[in-house]
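A.B. asks: Have a look at this one.
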Amino acid sequence: MSGNLKHSNSHTASAIDPCISDAVSVASTARQASTPSGVGIKPRNRSHDIAAALQGEWLNDDAFLTAVFNGMSITFPAGEKFFIDSVRHYRQDITDPVLQEHIRGFCGQEGFHRREHQMYNETLCAARGYDLEKLEGKLTRRLAWAQKNLSPIQNLAITVAIEHFTAVLSELLLSSDSVMNKAHPSMRELWRWHAAEEMEHKSVAFDVFLAVGGTEKLRTSVMRRATFFIGLELTRALIYILRKDGKLFDFKIWRTGLAALFGEQGAFSGGLEPYKEFYTEGFHPWQQDTQHLLTEWASEDAIEFA
């Protein structure tokens, strides 16, 4: 591939994966990891040639849907760093070597996601005249406040909550009737790669949370607050983008766009029930068994990258 977002794969793993360091001595071999044995958590150092696609309405030629996903991308770099920091804080407390390996995979994957979406966001804003600081500044400051003022276990609970959102989104994006089947090919490739890796590591932060004594009360209460703030950030980004594109008060775009998201066959219409399961007692991410979607994606990915 070539283009503004094409860059070398020569980055070393240690440059991208902040969790790779001297091995932590293992005091116990008690099982703390719960990712199925058939699921690997493998960081894939991919680059994506999406500069041309970002200049237009790359998702179904739909301004609203494109704005929603572009706005979602804006939140990722700061979020991914927060997730890495929150999980990495507890790596010395994890005694299961399998979960230690999963943490390394988690950090590697999130590091690559952060890099690719930073490039995505910078290229998007340059192409379409958006102010990246205005788009991401409030979220960056809110996460910095959380790291300074909340406890490490509260920050890990935030990570667990948002990782559940991404797991649900990943299931929707990897399904056979995914809205990404209507996307520009390069964008479809990027979003599905990201979704597959999010699905692979969907229980890592959760497993760390349980291993260090996280409670169900904290988990569910934080999810309620996280839901509000995620909705707030995505709505802010959507309004900004539509305003800059001169389409904020085009009510037809809003009507058709909301239907395309939440209608009977909408992009997010299957997400409510898996989201709600998070609040059930004893919930675990892999009770939503999505291994078949990873198998299907891996088969397609093997063909594309053969």
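A.B. asks: Relative to the longest principal axis of the chain, what angle (0 to 90°, nearest 10) does the C-alpha long axis of helix 291-304 take?
C.D. replies: The two axes meet at around 60 degrees.
A.B. asks: Taking the chain as a Gaussian network, Cα atoms linked when under 10 Å apart, which of LYS202, LYS217, LYS182 shows the biggest mean-square fluctuation?
C.D. replies: LYS217
A.B. asks: If you don't mind, another one. Got a number for the accessible area of ARG225? Probe 1.4 Å, square angstrom, nearest 10.
C.D. replies: The value for ARG225 is about 130 Å².
A.B. asks: Starting from the amide H of ALA183, placed 1.01 Å from N in the peptide plane, find each other amide H under 5 Å away whose residue is 5 or more places distant or on another chain.
C.D. replies: For ALA183, the qualifying residues are ASN60.
A.B. asks: Anyone know which of PHE206, PHE64, PHE249 comes out most mobile in the 10 Å Cα GNM of the chain?
C.D. replies: PHE249
A.B. asks: State in Å² the accessible area per residue of region 157-234; use a 1.4 Å probe, count heavy atoms of protein chains only, and round to the nearest integer.
C.D. replies: On the way: 2600 Å² over 78 residues.
Result: 33 Å² per residue.
A.B. asks: Let me ask something additional. Please express the shape of region 101-163 as an equivalent ellipsoid: the semi-axes are the square roots of 5 times the eigenvalues of the C-alpha gyration tensor, given largest first in whole angstrom. Please list the in-between numbers first.
C.D. replies: Details: eigenvalues 130, 67, 11 Å².
Result for region 101-163: semi-axes of 26, 18, 7 Å.
A.B. asks: Right, next: Can you tell me how region 127-174 classifies by the Cα gyration tensor, rounded, prolate or oblate, using a/c under 1.5 as the rounded cut? It would help to have the intermediate numbers written out before the result.
C.D. replies: Working: a/c = 5.52, a/b = 1.08, b/c = 5.11.
Cα axes put region 127-174 in the oblate bin.
A.B. asks: Under a point spin-label approximation (7 Å from Cα along Cα-to-Cβ), what is the SER299-PHE251 distance to one decimal in nm?
C.D. replies: 4.7 nm
A.B. asks: Further, regarding this structure: For Cα pairs less than 8 Å apart in space and 6+ apart in sequence, what is the mean separation divided by the residue count of the chain, i.e. the relative contact order in percent?
C.D. replies: Details: 367 pairs, mean separation 77.5, N = 306.
It comes to 25 percent, rounded to a whole number.
A.B. asks: Quick one: what Rg and Dmax do you get for region 74-228 from the alpha carbons, in Å?
C.D. replies: 16.0, 49
A.B. asks: Here's something else I'd like to know. Probe radius 1.4 Å, ligands and nucleic acids left out: which of GLU296, GLU198 has the largest accessible area, and how do the rest follow?
C.D. replies: On the way: GLU296 100, GLU198 5 Å².
If we order GLU296, GLU198 from most to least accessible, we get GLU296, GLU198.
A.B. asks: Taking θ as phi - 60°, what are the ³J(HN,Hα) couplings along region 40-51 by the Karplus curve (6.51, -1.76, 1.60), each to the nearest whole Hz, with x for Gly and Pro?
C.D. replies: x, 10, 10, x, 10, 7, 9, 10, 9, 8, 10, 4
A.B. asks: Oh, and also: Tell me, what ³J(HN,Hα) does each residue in region 270-286 have, in order and in whole Hz, if you take phi through Karplus 6.51 cos²θ - 1.76 cosθ + 1.60 with θ = phi - 60° and put x for Gly and Pro?
C.D. replies: Working through the residues one at a time gives x, x, 5, 5, x, 4, 5, 4, 4, 7, 7, 5, x, 4, 9, x, 7 Hz.
A.B. asks: From the gyration tensor of the Cα coordinates in region 179-260, what semi-axes in whole Å does the equivalent ellipsoid have, largest first, with each one equal to sqrt(5λ)? All intermediate terms of the calculation are to be shown ahead of the outcome.
C.D. replies: On the way: eigenvalues 212, 84, 20 Å².
Each semi-axis is the square root of five times an eigenvalue, giving 33, 21, 10 Å.
A.B. asks: Once each part is reduced to its C-alpha centroid, what is the distance from region 235-306 to region 166-185 in angstrom?
C.D. replies: 7 Å
A.B. asks: Compute the helix-to-body angle for 97-128: its Cα long axis versus the longest principal axis of the chain, expressed 0 to 90° and rounded to tens.
C.D. replies: With rounding to tens, the tilt is 20 degrees.
A.B. asks: With a/c under 1.5 counting as rounded, go ahead and sort region 147-306 into rounded, prolate or oblate using the C-alpha gyration tensor (a ≥ b ≥ c being the square roots of the eigenvalues; past the cut-off, prolate if a/b is larger than b/c, else oblate).
C.D. replies: Numbers: a/c = 1.92, a/b = 1.21, b/c = 1.59.
Oblate shape, in that a/c is at least 1.5 and b/c is the bigger or equal ratio.
A.B. asks: Note the per residue figure in Å³ for the convex hull of the C-alpha positions in the chain. Please list the in-between numbers first.
C.D. replies: Numbers: hull volume 39.9 nm³, N = 306.
Enclosed volume per residue, from the Cα hull, is 130 Å³.
A.B. asks: Further, regarding this structure: Is it possible to state the helix-based mean residue ellipticity at 222 nm for the chain, with each DSSP H run of 4+ residues giving -39500 (n - 2.57), the sum divided by total residues, to the nearest 500 deg cm²/dmol? What is it? Write down the numbers at each step before the final one.
C.D. replies: On the way: 12 runs with 192 residues, N = 306.
Value at 222 nm, helices only, nearest 500: -21000 deg cm²/dmol.
A.B. asks: Measuring from label point to label point, each 7 Å out along Cα→Cβ, what is the ALA259 to ARG91 span in nm?
C.D. replies: Reported label-point gap for ALA259 and ARG91 is 5.0 nm.
A.B. asks: Rounded, prolate or oblate for region 31-75? Axes are the square roots of the Cα gyration tensor eigenvalues, ordered a ≥ b ≥ c, and the cut-off for rounded is a/c under 1.5. Please report the intermediate quantities before stating the final value.
C.D. replies: Values: a/c = 3.48, a/b = 2.30, b/c = 1.51.
Prolate shape, in that a/c is at least 1.5 and a/b is the bigger ratio.
A.B. asks: Taking 0.36 nm per intervening residue step and subtracting the Cα-Cα distance, what contour gain separates LYS42 from TYR279 on full extension? If you can, show how the numbers build up before the last one.
C.D. replies: Values: separation 237, 0.36 × 237 = 85.32 nm, distance 2.89 nm.
Gain in length upon complete extension: 82.4 nm.
The values are calculated or read from the model by the stated rules, or taken from the named source; none is laboratory data. As the structure is a prediction and not an experimental result, all values here were calculated from the model. Cβ sites come from the backbone with ideal geometry, for glycine too, and all protein chains shown count toward neighbours. Please note that ligands, DNA and RNA were not included when accessible areas were found on the heavy atoms of the full protein model with its side chains. Shrake-Rupley method; radii C 1.70, N 1.55, O 1.52, S 1.80 Å.
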